[in-house]
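The values are calculated or read from the model by the stated rules, or taken from the named source; none is laboratory data. All figures in this text were calculated on a predicted structure; none of them were measured in a lab. Because the Cβ atoms are built from the backbone with ideal geometry, glycine has one as well, and the counts that use them run over all protein chains shown. All accessible areas refer to the heavy atoms of the entire protein, side chains included, with ligands and DNA or RNA removed. Shrake-Rupley method; radii C 1.70, N 1.55, O 1.52, S 1.80 Å.
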Amino acid sequence: MTTIRPFTCDDMFKFNNVNLDPLTETYGLSFYLQYMARWPEYFQVAKDPSGNIMGYIMGKAEGMGENWHGHVTALSVAPEYRRLGLAEKLMKRLEEISENKKCYFVDLFVRVSNEVAVTMYKKLGYSVYRRVIEYYSGDVDEDAYDMRKALSRDMNKTSVIPLKDPVRPEELD
Amino acid sequence: MATRSHVDVNERRLRPIYDCLDNGSNKEALREADKVLKKQKDFQCAKVLKCLALMRLGRSDDSQEFLKAVHDQQPCDEATLQAMAICYRECDRLDLLADAYCNASKKRPDSEEIMTALFMAYVRLGDYKRQQLTAMSLFKSKPKTPYYFWAIMSIVMQAHCDPKLSKTMYLPLAERMVVKHIKDGKVDSEAEVALYLIILEELGKYDEALCVLGGELGGKLVTELDMHIAKKLEYLTKMARWPELNVIYRKQLKKDNDSWFCYEGYFKSLFHLVDTGWTPANSELEYSLDEGECQADYTIEAAIEFINQAIADNQSSERPKRGPYLARLELYKQLKQKENTLYQSIGEVGIMLESYFDMFCRKQCCFRDLSQYVCLLDGTGKKQFLQCIGEKAKYGEWSTLPEFENMHHVQQHMTVLQLTRYCGLHTDLSHADKHLLVQHLYDAFEQAYKIRIAHVATDMQLIDNYAIIAVHLLMDIYCDTGDMTVVWRGIEILENVFRKAPTDFQVKLLLIKLYSELGAFGACADMYDRLEVKHLQQDTLGFMVCNDMTRYGHFGASCTFYDTTLRFFNHNIKEMLEYIISAYKYGSFTKVYEFVKFKEHLENSLNYGLAMVSRLLLDLTMDCDSHEKAEEDISAMHSIRGLYDADWEKMNDNRDLDIMVSYSDEYQKSSHKIAEASFKEEKAWLKVQSLSVRCLASAVMMSSDVPIPLNGCLGEDKDFTNEDVFESVTDNLESHLQICQTEFRQLMQFPINGPRHTKLKAFLDKKHGQVLINALRATLHIKKCQNNGIESEKLGEKFSHGTVDILKERVAKAREGLAENKDCYPEVLADIVLVTETISYLAIICGVCHKMLKPWKSNLQRKKKKKGHQETKLPSVFSSFSEIFKSLVQIAKEVSQLAQDIIPKFLHEEFQDIHIEDHLTEKENIIHEIHTKATDSYKQSANDICEILKRKIKYLQSLRL
């Protein structure tokens, strides 16, 4: 039971129940504001009937030519509201927006250790395009999967043909 | 070519300066700049970069002087202007930044870059009128549509600021400008249509907005998903066109049966239609239906049928949604609230709740969903319902815990437990039964822990709830009895859980609260660090620790905490301007106003105010060990940060008070009232502190004959003496304290998951406010006597009686308290912290008195010598004050001793038997750890208190008459 609407500044005062979860990062204000100023349509929040934040998704559209694509920057659902298909719903919306913008594909990065997420993305039609070495820095650096899903504009699905060799973060375009 | 190569040379010469500035080597940058200026003494850009280096080196006077010289030359090359912009942004002179670009734009009116920068400079200043004018002249010289819309948006912003002229002047003007543009056939981007809609909405022209939406222009709104439908619903609701709304919501629900806001809208429109007796036949309202649309539901029967159909459709789907079932319960609830008996035809509520449990008891949100509707059952109904779902979950009696089969079983079991607590079935248990239940819950935690799937975070979070509810039960007991052993027990449970599951933030939050009860702030700070609170969370979650930090005397930690908080606010409030600019650049016009409001939200945050004032007070409390130092601090305060004076009406409460989970129905009902009461108290306390700073600062300024700024405390049109101003701020403080005295006589009891109280009540009850006022009044009296040369015999006695005597009594009471009641250590600690703070303020006030008395005494002594009246005695005021200084030193020494004495007193019996050398079981290990944490924290408190008092003793001993 959900209401999905554009994320606004005031939502940041109430997103602690999502962000205090250890796998969700809280960024500086500038990060969220930059997305709201530039890609407001890609930043959506889901609320429960009492107005509590259940989760949110932020993304953007970028790239030149056939690399014009939608990108999932962050997707997070509060523990209490997991296993309700909410992440899937938010992802579908992001894909739809990217379709409207005539993107070729949607991509995202995920920790290789985050099996739950990787499995979910695979179920939603995403596949590993390449592995990015030490993409996440921390006490121990961790690799990321760069996962992709082709949209209808990429009729031959060339954007998702996996690369054999892993890349380093600085080689990302 | 010649000019080009000239530019290149300049660029090359500046490069090293830029590099140094980027690397933060400001000294180097200064040297490089001087080198360039030696060769080319009129090189404006190099001069400005030199100013920037100087500013960053802290030489702001020099910097401002050079910068002004360049400014007056009115430079108009972009590199120089950009460098000036950086300088002005860093020193917060946004007015000069705009002025620089304004000068440049006059010289080069055709430069698009300069004009654009000028527009942005006005955005920074929030000068909407000039924004508008600049955007229009920009549009005239470079006819690009975005510039035209910048001008229109600037008009809309003026409308926001001026409600009077908003609808008569600004918005109609903005509308006309858009319409003209449309007529010229020039509107082509989505941003422009969106702005047009904003204007029509502000004007209340929803009909027209609806037309725009449905027309060709509306077709341009494509990027934001559902924007069309959302806007349409918004406008129809504003116009109360319920039949159409009902049809649309109905249609939306057919597409998505899990959308809450559609159900809300559907019911709202339904009840409007029912209440007004609307039918399609008698419809006076416009009621247009698109082809293929069905009719509106205008009877309850139709709505019931609609929902039942939704349920039937849903049941056959592969993954049934919660929506239709919750909608049925919601309809039942609303009908019952309206006393409409048709609710009976929906079904039996107990059965509906049960079947909801059957379907969704494997989901964590099941409790939250059902908690909204169990209130539909009466007392017996609740018990029956709980018994029924209890059987399904093999909940059983508390004497027997079920063998958990798997995590699904745990989830079911948990839902029953949560609902049992929510329905208030725990409240009537005896303390003994509650203790028994706590033990069972802890066993349940241990059992579930064994069968969880280790890497699934949600599993862990689920079973943590056993421990959390166990601790809530313990806190129920604590509220009744004040028995500290249950707090210790609660901490033990949570620390044990924390070792197993260090990620659950609810456990950490609860631990912070429990350690607070113990007065062991060091442990709170440690947990708070583990929460990794950062950025905006400092504003929303800082309340978890900030009241207890100074309550328990962790002064050093407080400084660091407030410094970080202030850095966050100062930096981000400034940065917000950049994002408002971005919103203009990207044409996200809906975000412009939102960002401006958000900036105001930060500026007026309670926490920002608290951090500013607390930091000022901490400066005065902690470091001052002489009157010269106090004078220095106060003059720095005055010139750098200004004395804090908040706009109390505009102040925002950004605290996220709902963050801690609660399973109490009572709490959820009263949470709003608690938030309100707490906010009111916080503001009142902030005002006490803010006025205290002003009083202390005014006293110091008065004694050194520095004019005291008025800050609006008296009228501005007359010449006031320092004494007038000082008296007025003291009056303000006193009358505010009196108001607090009546308003906060009785504080509301906040539950464990609610906010913490401020120090206000203790400050008042333990007479610290009175001491402060007495001292300030006596100081004023001395000043007046000094002015008139009158000797008053009672001056010293009065001061002593109103301050020293009261403090002596406080210290004696604290010592007694410690001896009598072993559980009162947190309170005693808080008490002696207050005494410490009051001594700090008194030291400053004594310094002020000393400063006034000293010359007075010398004067009298001189006179006496001249007249040769060796036998005439000096007035007793001088010797009395010497006595006062000595007494305060004595009190400070006693308090230091008391702070150290608390440590052994707080050892609890059951912890006394544990020694680190022994071979410890896990349980003992945890107990030992908790004990160490608490002891260390008390040691830290004592340490911080003694450090401060040492300085105060030095301060007071330096005052000799």
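Do we find a residue being open to solvent by 20 Å² or more (accessible area, probe 1.4 Å) and either more than 19 Å from A:Val18 (Cβ to Cβ) or at pLDDT below 95 (or both) anywhere in region B:509-516?
Among the residues of region B:509-516, not one is open to solvent by 20 Å² or more (accessible area, probe 1.4 Å) and either more than 19 Å from A:Val18 (Cβ to Cβ) or at pLDDT below 95 (or both), which makes the answer no.
Here are some residues: B:Met576, B:Met527. Which one is touching a residue at least 12 places away in the same chain (Cβ under 8 Å), on the phi < 0 side of the Ramachandran plot and more than 10 Å from chain A (Cβ to nearest Cβ)?
B:Met527
Give region A:8-20 a look and list any residue that's in contact with a Phe, Trp or Tyr (Cβ under 8 Å, 6 or more places away or on another chain), in a loop (DSSP other than H, G, I, E, B) and at the interface with chain B (Cβ under 7 Å from one of its Cβ atoms), or say none.
Of everything in region A:8-20, just one residue is in contact with a Phe, Trp or Tyr (Cβ under 8 Å, 6 or more places away or on another chain), in a loop (DSSP other than H, G, I, E, B) and at the interface with chain B (Cβ under 7 Å from one of its Cβ atoms), namely A:Leu20.
Kindly evaluate A:Leu108 against the criterion of being assigned to a strand (DSSP E or B) and either open to solvent by 10 Å² or more (accessible area, probe 1.4 Å) or facing another protein chain (nearest Cβ under 10 Å) (or both). Steps first, please.
Working: assigned to a strand (DSSP E or B): yes; either open to solvent by 10 Å² or more (accessible area, probe 1.4 Å) or facing another protein chain (nearest Cβ under 10 Å) (or both): no.
So A:Leu108 fails the test.
Do you know which residues across region A:67-82 are facing chain B (nearest Cβ under 10 Å) and more than 23 Å from B:Cys262 (Cα to Cα)?
A:Pro79
Of all residues in region B:130-174, count the ones that are touching a Cys at 6+ places or on another chain (Cβ under 9 Å) and modelled with pLDDT under 95.
Counting residues in region B:130-174 that are touching a Cys at 6+ places or on another chain (Cβ under 9 Å) and modelled with pLDDT under 95 gives 0.
When only residues in region A:35-47 that are open to solvent by 10 Å² or more (accessible area, probe 1.4 Å) and more than 7 Å from chain B (Cβ to nearest Cβ) count, which is farthest from B:Gly323 (Cα to Cα)? Before you say what the answer is, go through the steps one by one.
At the first step, the residues of region A:35-47 found to be open to solvent by 10 Å² or more (accessible area, probe 1.4 Å) are A:38-41, A:47.
After this cut, where a residue has to be more than 7 Å from chain B (Cβ to nearest Cβ) as well, the list is A:39, A:47.
Numbers: A:Trp39: 30, A:Lys47: 13 Å.
In this case the residue turns out to be A:Trp39.
Name the single residue, out of those in region B:117-138 being free of Cβ contacts under 8 Å to residues at least 24 places away in the same chain and open to solvent by 30 Å² or more (accessible area, probe 1.4 Å), that is nearest to B:Cys91 (Cα to Cα).
B:Leu133
Among the residues of region A:52-66, how many are more than 10 Å from chain B (Cβ to nearest Cβ), touching a helix residue (DSSP H, G or I) at 6+ places or on another chain (Cβ under 8 Å) and open to solvent by 10 Å² or more (accessible area, probe 1.4 Å)?
Final tally of qualifying residues: 2.
Considering (1) modelled with pLDDT under 95; (2) closer than 30 Å to B:His672 by Cα; (3) touching a Lys or Arg at 6+ places or on another chain (Cβ under 9 Å), say which one B:Gln749 fails and leave the rest.
(3)
Can you tell me which residue among B:Leu81, B:Leu67 is surrounded by 17 or more Cβ atoms within 10 Å (Cβ to Cβ) and either among the basic types (Lys, Arg) or closer than 30 Å to B:Phe139 by Cβ (or both)?
Working: B:Leu67 fails: either among the basic types (Lys, Arg) or closer than 30 Å to B:Phe139 by Cβ (or both).
Only one candidate passes the filter, namely B:Leu81.
Considering only residues of region A:21-34 that are more than 8 Å from chain B (Cβ to nearest Cβ) and within 19 Å of B:Lys585 (Cα to Cα), which is least open to solvent (accessible area, probe 1.4 Å)?
Per the stated criteria, the residue is A:Tyr32.
Filtering region B:216-250 down to residues that are acidic (Asp, Glu) and more than 12 Å from chain A (Cβ to nearest Cβ), which residue is farthest from B:Gly323 (Cα to Cα)?
B:Glu216
So, in region B:652-671, how many residues would count as being without any contact (Cβ under 8 Å) to a residue 40 or more places away in the chain and either surrounded by 19 or more Cβ atoms within 10 Å (Cβ to Cβ) or over 25 Å from B:Asp428 (Cα atoms) (or both)?
Residues that pass the stated criteria total 1.
Please go through region A:67-79 and pick out each residue that is in contact with a helix residue (DSSP H, G or I) (Cβ under 7 Å, 6 or more places away or on another chain) and assigned to a helix (DSSP H, G or I).
A:Pro79 - this is the single residue of region A:67-79 that is in contact with a helix residue (DSSP H, G or I) (Cβ under 7 Å, 6 or more places away or on another chain) and assigned to a helix (DSSP H, G or I).
Of everything in region B:399-418, what is part of a helix (DSSP H, G or I) and open to solvent by 30 Å² or more (accessible area, probe 1.4 Å)? Give them in sequence order. Spell out how you get there, then give the answer.
The first filter runs over region B:399-418 and keeps only residues part of a helix (DSSP H, G or I), leaving B:407-418.
Hits for region B:399-418 are B:His408, B:Gln412.
So for region B:547-562 (the condition being within 14 Å of another protein chain (Cβ to nearest Cβ) and open to solvent by 20 Å² or more (accessible area, probe 1.4 Å)), does at least one residue qualify?
Checked region B:547-562: no residue is within 14 Å of another protein chain (Cβ to nearest Cβ) and open to solvent by 20 Å² or more (accessible area, probe 1.4 Å).
If A:Ala74 satisfies all but one of (1) touching a Ser or Thr at 6+ places or on another chain (Cβ under 8 Å); (2) small (Gly, Ala, Ser); (3) open to solvent by less than 10 Å² (accessible area, probe 1.4 Å), what's the number of the condition it fails?
Tallying (1) touching a Ser or Thr at 6+ places or on another chain (Cβ under 8 Å); (2) small (Gly, Ala, Ser); (3) open to solvent by less than 10 Å² (accessible area, probe 1.4 Å), A:Ala74 fails exactly one: (3).
Which one is farthest from A:Leu33 (Cα to Cα) among residues in region B:577-606 that are touching a strand residue (DSSP E or B) at 6+ places or on another chain (Cβ under 9 Å) and open to solvent by less than 40 Å² (accessible area, probe 1.4 Å)?
Checking each candidate, the answer is B:Leu606.
Among the residues of region B:300-318, write down those that are over 15 Å from B:Lys255 (Cα atoms) and open to solvent by 70 Å² or more (accessible area, probe 1.4 Å).
Going through region B:300-318, the residues over 15 Å from B:Lys255 (Cα atoms) turn out to be B:300-305, B:308, B:315-316, B:318.
The answer is B:Glu301, B:Glu305, B:Gln315, B:Ser316, B:Glu318.
Is at least one residue of region B:609-627 within 13 Å of chain A (Cβ to nearest Cβ) and over 28 Å from B:Ala899 (Cα atoms)? First the steps, then the outcome.
Applying the first criterion (within 13 Å of chain A (Cβ to nearest Cβ)) to region B:609-627 yields none.
No: zero hits.
Is it the case that region B:184-197 has a residue that's without any contact (Cβ under 8 Å) to a residue 12 or more places away in the chain and over 19 Å from A:Ile97 (Cβ atoms)?
yes
What are the residues in region B:762-777 that are open to solvent by 30 Å² or more (accessible area, probe 1.4 Å) and not charged (D, E, K, R), if any? So that I can check it myself, show each step before the final result.
Narrowing region B:762-777 to residues open to solvent by 30 Å² or more (accessible area, probe 1.4 Å): B:762, B:765-767, B:770, B:774, B:777.
Selection gives B:Ala762, B:Gln770, B:Asn774.
Please verify whether region B:531-543 includes one or more residues that are touching an Asp or Glu at 6+ places or on another chain (Cβ under 7 Å), within 14 Å of another protein chain (Cβ to nearest Cβ) and open to solvent by 10 Å² or more (accessible area, probe 1.4 Å).
no
Taking region A:93-105 as the region of interest, how many residues are away from chain B (no Cβ under 12 Å) and either part of a loop (DSSP other than H, G, I, E, B) or surrounded by fewer than 17 Cβ atoms within 10 Å (Cβ to Cβ) (or both)?
Residues of region A:93-105 that are away from chain B (no Cβ under 12 Å), as a first pass: A:104-105.
Those left that are additionally either part of a loop (DSSP other than H, G, I, E, B) or surrounded by fewer than 17 Cβ atoms within 10 Å (Cβ to Cβ) (or both): A:104.
Residues flagged as away from chain B (no Cβ under 12 Å) and either part of a loop (DSSP other than H, G, I, E, B) or surrounded by fewer than 17 Cβ atoms within 10 Å (Cβ to Cβ) (or both) within region A:93-105 amount to 1.
Among the residues of region B:778-809, write down those that are in contact with a Lys or Arg (Cβ under 6 Å, 6 or more places away or on another chain) and not β-branched (Val, Ile, Thr).
Passing the criteria: only B:Ala778.
Any residue at all in region B:165-177 that's open to solvent by 20 Å² or more (accessible area, probe 1.4 Å), outside any loop (DSSP other than H, G, I, E, B), among the acidic types (Asp, Glu) and within 27 Å of A:Arg5 (Cβ to Cβ)?
Of region B:165-177, the ones open to solvent by 20 Å² or more (accessible area, probe 1.4 Å) are B:165, B:167-170, B:172-173, B:175-177.
Narrowing the set further to residues that are outside any loop (DSSP other than H, G, I, E, B) leaves B:165, B:167-170, B:172-173, B:175-177.
Retained after the next criterion (residues that are among the acidic types (Asp, Glu)): B:175.
Imposing the further condition that a residue be within 27 Å of A:Arg5 (Cβ to Cβ) reduces the set to B:175.
For region B:165-177, residues open to solvent by 20 Å² or more (accessible area, probe 1.4 Å), outside any loop (DSSP other than H, G, I, E, B), among the acidic types (Asp, Glu) and within 27 Å of A:Arg5 (Cβ to Cβ): present.
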